Amino acid sequence: MRIVSYNSRGLRLGNGAGDRARRIVVDKLLEDVDILCLQETMLPKQNLDRLNSFHCNFFGAGESTTDLSSGIIQGRIPGGVAILWHKDYDPFISVVRLNVDWCIAVKIVMHGKVFMILNIYMPYESQQNEDEYLAKLGFLSSFISQCEFNCVFIVGDMNADISDTRSTFGQHLIQFCVNNNLVLTSKERLPADSHTYVSEAWHSTSWLDHCICTEDAHECISRVEILYSLATTDHIPVSLVVNCESLPVLLQHQSPSHTEKLTWAKVSVEDIRKYYLLSDCSLRSVNVHKETLQCRDVNCEHMEHRLHLCTLYQNIVDSLIIASEFLCQKGATKFKPLPGWSEHAYALHAESRAAYKAWAAAGKPKSGSILESKKAANVKFKNAVRYIKRNEQTMRANSLANKLKNNDVSEFWKELKRSCISKQLLPASINGVSGDKNIVEAWRNHFSRIFNCVNSERFNLGNINYNHGMIVRADEVRLAIEKMSLNKACGPDQLSAEHMKYASCRAQVLLSLCFTGFLKHGILPDHMLSVLLVPIVKEKTGKISCIDNYRPIAMASVLSKVFEHILLERLQNFITTTENQFGFKGKLSTDLCIYALKETVSKYMRHNTSVFMCFLDASKAFDRVNHQKLFIKLQNRGVPSYLVRILHFWYSHQLMQVKWGTEVSEPFSVSNGVRQGGILSPVLFNLYLDELSVTLNASKTGCLVGDRLVNHLIYADDLVLMSPYSAGLQQLLRACAKYGEQFDILFNPKKSVVMIAATKGDLKLNFPSFNLTNQVLEVVSKVKYLGHILRSDLCDDEDIKRQCGKLYMQANTLARNFGMCSDPVKVSLFRSFCTPLYTAHLWCNYSKVVMKKLQVAYQDAFRILMKLPRWTSASHMFVTSNIPTFHALLRLFMYKFICRLSLSANAVVRALSSLSYSDTRYSSVLFKHWNNCLYGL
């Protein structure tokens, strides 16, 4: 398929000699093209229908900026876009209207391949157009992130000269591609000296017309060229040839019709009471073997006892499932009412059914009053259904508004979440393997290699002594159940958290007996240890058929999570970690970790000292945890032997399966790694890394804050090292490499980077190279750390630009999905999705111009969502909607963060923020900025 993009500078639709002469390039292109994307068509809305009759072999669709019926039009019509496609492709093409006048798209579904072509025309480069340009990039980001399929081609006149490093729009376009993991195909496939525009006034050249693709789309392009031979006007056509055979095939997998689904959110209060009574009745019949439960031999190996405990566990699970069977409905036969059904169609449906039954009871007469009554009732019902379908969006919006008005916040967010769920499309092949059974086997082999890649020696605990902690009380089970999150997917045992929450209290008593028996005998049933892995895509714009573009979601049994909560309470006092670890700890978060890093570096730079930082990447750190070494660490911490024994049994007997579509693989064993998403996994991983933190603290090299050494910070598996000396950083790197080799942590030198926060006097110095496992690390000037863009000069402009793009994307996403909602609903959505400006309170070193752009983006985001014109007063619209203005929002973030600092018990944070520990706060640029913003000091 050949696709050509061309800025026509006015498309003449007539058949006169003058019109044909003006469109000579377009006519030439139509001789040898399948899809032609035109920009600046300059057509009014009244002429767009003529695109279908423009050429005998082509159909077309377009968007216009001008409606002739709106008034007298002066001058030429600006902008406009159109797509023309060959009639041979018409059965496969559907036009996608994006409700904007600068972009139009076509969706092509052909032989199981699905892809989309977007034709865009962006504003020309000027300072007054920059905000509009960023807003349109945000629109594209939003559209791509919500696209159901992953092959997208974006072509058109983007007015971004990527050949000129001084081009602001060119830099914006390149950053847009980086942020969205897109490929700027025109830059990748064409020479650096290419151009698509020749200025008629200055005879200078620019590279303004481009092609941007997702990775899969990029791989399918066999040739890209600029048609210089057709350069009769200022713009030059760009052609690309797509090999459609190489496009990935996407399949929609549906659950079999016989599967039963239980949606607890739709269960009535009466049904929950009935479930409680049924579960109580069912659990009464569970047989409890007193001899097994009263056994006090903690080294008991009686097989009958083990069988009794596993049977007790399975009987509890079966009893709860049986008690909930009446709540289940067949997935295929379940009726999903449309919004507005109760108000507009429910009564009419009942009337229609009653009229039909009366007509059937009368012998189905061919005439008469009974037949007429049936017809009339049927017509009323069908009209009501048509009305509901025509106004579905409005009624859904009204439903959300009513829930918000009635202060039913929980139901409001549930319905909002349901409205955003899209059907999952899976590729027909993964790494060249096709067929669901073959693919699921490939996934099984892939994950089996990952979870069995570390050589681990056999762990022998020996006999243990009795401990009162083995006794699990019913109230412990109740508290563990209360901590469970609701509305989550069922595990392999088909139980959900709601099964436990709404069940009879008898379940808590039986589970306490069961868990006590497990701890005494050091065993767990196979069904409790089963884990289901579901691969999900990491990057929608990446290669959908590449196995490395997926990460697994682990689905464990609900009762195993309850048991994990109980074990966690017993482990808490034994698994404390150093103050350098910020991950998975109460009252600590990513922004506090970023604050600690920036403040430490800033302190040294104020004292005219450079700081060397290394951001280490640990490849699959959670998956490479050595079980035997983990258990030894637990023993060294003084963890009771019965807890080490149960964890050892758990990890050594755990089985995993992979689900792909409707296929489930055979189970495989696991010999290394802690399951991501598990209740215990984060704290066990923190413990596994803690000895490295202790080693680094003992190295006596790094940054000093007061009398505290701060040479590293850890958030989960994200590790950053810092030292005011190059030799000091290399010493820390050697310590990490040694620990990684000893404990099977694979630090990746290709993804690990060094950043030097150099003072003005040190900028021209040639610093030594830094090595990790005998490989030289790359030195960068900026890095994305925990979602925050950090520059070597501590300037916050890049991070503010990141937030600016995110705001535009969020606003466009909300406007597209909830544009029909009432104003109160939109205000609530804006407050939830657009006001949380991540790490905004940590910005203090920025240019006023960049911050002003973010303020404009914040205001424009609200205007986009509320469909207000750009000249609407910002202060007025925020005050009337009870939304904080931009600067008021920043002050609120600052105040809340200062309060968190004052309450933090973390030693690193206290050393930086408390006057009782150091004088850093006195000279802190960030604190001075906060005081100036909050108090005018």
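A short reminder: the numbers here are calculations on the coordinates, not readings from a lab. Everything quoted here is computed from the prediction, not taken from an experiment. Positions of Cβ are backbone-derived with ideal geometry, glycine not excepted, and every protein chain shown enters the neighbour counts.
Positive-end ranking of V477, F743, T185 along the dipole of the chain, with charges on Cβ about the Cα centre, is headed by V477. Shape of the stretch 618-700 from the C-alpha gyration tensor: oblate (a/c of 1.5 or more and a/b not above b/c, with a ≥ b ≥ c the square roots of its eigenvalues).
Between V241 and Q46, what is 0.36 nm times their sequence separation minus the Cα-Cα distance? Round to one decimal in nm.
66.9 nm
Which whole-angstrom value gives the distance between the alpha carbon centres of the stretch 797-854 and the stretch 889-937? The stretch 797-854 and the stretch 889-937 have Cα centres separated by 24 Å. Along the chain, counting only GluC sites (Glu not before Pro) with a DSSP assignment other than H, G, I, E or B and at most 13 other Cβ atoms inside a 10 Å radius, the longest segment between sites is 458-937. For the stretch 88-197, trypsin sites (Lys or Arg not before Pro) are listed when DSSP marks them as loop and at most 11 other Cβ atoms sit within 10 Å of their Cβ; the list is R97, R166. Take the alpha carbon gyration tensor of the stretch 473-615, find the square roots of its eigenvalues, order them as a ≥ b ≥ c, and report rounded if a/c is under 1.5; if not, report prolate when a/b exceeds b/c, else oblate. Since a/c reaches 1.5 but b/c is at least a/b, the shape of the stretch 473-615 is classed as oblate. About its Cα centre, the dipole of the stretch 133-286 is roughly 780 debye, where the only charges are +1 on Lys and Arg Cβ and -1 on Asp and Glu Cβ.
Quickly estimate the mean residue ellipticity at 222 nm for the chain, helices only: each DSSP H run with n ≥ 4 gives -39500 (n - 2.57), and the total goes over all residues, rounded to 500.
Working: 33 runs with 398 residues, N = 937.
Calculated mean residue ellipticity at 222 nm is -13000 deg cm²/dmol.
When you work out D = kT/(6 pi eta Rh) for the stretch 2-243 at 25 °C and 0.890 mPa s, using the Kirkwood radius from C-alpha pairs as Rh and the Stokes-Einstein form, the result is 135 µm²/s. Using equal-weight Cα scatterers in the Debye expression, the normalised intensity of the stretch 801-935 in log10 at q = 0.14, 0.15, 0.20 Å⁻¹ is -0.71, -0.78, -1.14. Taking the fewest neighbouring Cβ atoms within 10 Å as the starting point, the ordered list for Y550, Y715, Y935, Y346 is Y935, Y346, Y550, Y715. Basic side chains Lys and Arg get +1 at the Cβ, acidic Asp and Glu get -1 at the Cβ, and with that the dipole of the stretch 801-935 about its Cα centre reaches some 260 debye. Taking the dipole about the Cα centre of the stretch 2-243, with the C-beta of Lys and Arg at +1 and of Asp and Glu at -1, give me whichever of C213, F54, I120 is farthest to the positive side. Toward the positive end, the furthest listed residue is F54.
Using Cβ point charges alone (K and R +1, D and E -1), the dipole size of the stretch 2-243 about the Cα centre works out to roughly 540 debye. Max-minus-min Cα coordinates of the stretch 482-552 on each principal axis give 50, 29, 18 Å, with the largest extent listed first. Dividing the mean sequence gap of close Cα pairs (under 8 Å, 6+ apart) by how many residues the stretch 801-935 holds gives a relative contact order of 26 percent. When DSSP beta bridges are restricted to pairs lying wholly in the stretch 2-243, around 80% turn out antiparallel.
For the pair Q314 and E200, label points projected 7 Å from Cα toward Cβ lie 8.3 nm apart.
For T773 and R449, what is the calculated FRET efficiency with R₀ set at 22 Å and r taken between the beta-carbons, to the nearest 0.05? Working shown, then result.
On the way: r = 22 Å, r/R0 = 0.99.
The formula returns an efficiency of 0.50 here.
The distance from the alpha carbon centre of the stretch 146-163 to that of the stretch 673-696 is 42 Å, rounded to a whole number.
Here the gap between S285 and D823, fully extended at 0.36 nm per residue and compared with their Cα-Cα distance, gives a gain of 188.2 nm.
Among rounded, prolate and oblate, which fits the chain when a ≥ b ≥ c are the square roots of the eigenvalues of its C-alpha gyration tensor, a/c under 1.5 means rounded, and a/b larger than b/c means prolate?
Because a/c hits 1.5 or more and a/b fails to exceed b/c, the chain counts as oblate.
Over all projection directions, the Cα-based convex hull of the stretch 131-260 averages an area of 11.0 nm².
In whole percent, what relative contact order does the stretch 181-243 give with Cα contacts below 8 Å and a gap of six or more residues?
Reported relative contact order: 34 percent.
Which FRET efficiency value, to the nearest 0.05, is calculated for N129 and A231 with the Förster distance at 30 angstrom and r the Cβ-Cβ distance?
Details: r = 26 Å, r/R0 = 0.86.
Using R0 = 30 Å, I get an efficiency of 0.70.
For the stretch 558-590, the residues whose backbone nitrogen is under 17 Å from a point 7 Å from the Cα of L903, taken along Cα to Cβ, are 585-590.
Expected output is a single nm value to one decimal: the length gained when fully extending between D32 and S53, i.e. 0.36 nm times separation in residues minus the C-alpha distance. What is it? Please report the intermediate quantities before stating the final value.
Working: separation 21, 0.36 × 21 = 7.56 nm, distance 1.82 nm.
My answer for the length gained is 5.7 nm.
Within the chain, antiparallel bridges make up roughly 80 percent of the DSSP beta bridges whose residues both belong there.
Which FRET efficiency value, to the nearest 0.05, do you get for S916 and N573 by plugging their Cβ-Cβ distance into 1/(1 + (r/R0)^6) with R0 = 30 Å?
Values: r = 27 Å, r/R0 = 0.90.
Given R0 = 30 Å and the Cβ-Cβ separation, E is 0.65.
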